[in-house]
Every structure is written in structure tokens, then in C-alpha cells.
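Worksheet for the structure shown next.
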Amino acid sequence: MTTLFIKNMVCNRCIMLVQVELDRSGLAVKNIQLGEVILDKEPTRQEKDKLEKALISLGFELIDDKKAEL
């Protein structure tokens, strides 16, 4: 399992949009909540880059910096 942190998720619609993008990317989601997604397995760098571009186009941002997670 791996956890991704996503910036700018503020409501249930945000969760739905992120869920759609994760489904399109083919990533298996174990749990999703505001600001946090738990995946069954670690995404490859290519999968993560593709997801990051899709999320940015929707106004979200992957948080990779440990300090920014706080």
C-alpha cells in the first residue's frame, strides 16, 4: 500500500473527480478521502507523472514534500 497526498481537495465533488482520474489511470484505490488517497500498490514513476498532470488540469496538486504534507 502507498499513500498519496493531494492538495486542494475540499469537498465530496473533489473526491469524485480524483476518483475518476485514478480510475482512468488504472490505479487501484483502497481508500480515498479529502487530501489523501491510499492505493493498493506503489505507482510507477510514469503512472504518477500521468496522474499528476491530470490532477493539475483539474486544479489539484500531488504533494511530494514531507514538510508540505503537514
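Only the coordinates and a few stated rules stand behind these numbers; no lab work does. Because the structure is predicted, anything quoted here is derived from the model rather than measured. Here Cβ is always computed from backbone atoms with ideal geometry, including for glycine, and neighbour counts include all displayed protein chains.
Scanning the range 31-53 for residues that are closer than 13 Å to Ile63 by Cβ and without any contact (Cβ under 8 Å) to a residue 12 or more places away in the chain yields a count of 1. Here Asn31 meets the list (1) assigned to a loop (DSSP other than H, G, I, E, B); (2) surrounded by fewer than 16 Cβ atoms within 10 Å (Cβ to Cβ) almost entirely, failing just condition (1). Scanning the range 18-30 for residues being more than 10 Å from the chain's Cα centre (by Cα) and under 12 Å from Leu58 (Cα atoms) gives a total of 1.
Yes or no: Asn12 free of Cβ contacts under 8 Å to residues at least 12 places away in the same chain and in contact with a strand residue (DSSP E or B) (Cβ under 9 Å, 6 or more places away or on another chain)? Against the criterion (free of Cβ contacts under 8 Å to residues at least 12 places away in the same chain and in contact with a strand residue (DSSP E or B) (Cβ under 9 Å, 6 or more places away or on another chain)), Asn12 does not qualify.
For the range 6-15, give me the residue count where each residue is part of a helix (DSSP H, G or I) and loosely packed, with under 11 Cβ neighbours inside 10 Å.
Counting residues in the range 6-15 that are part of a helix (DSSP H, G or I) and loosely packed, with under 11 Cβ neighbours inside 10 Å gives 2.
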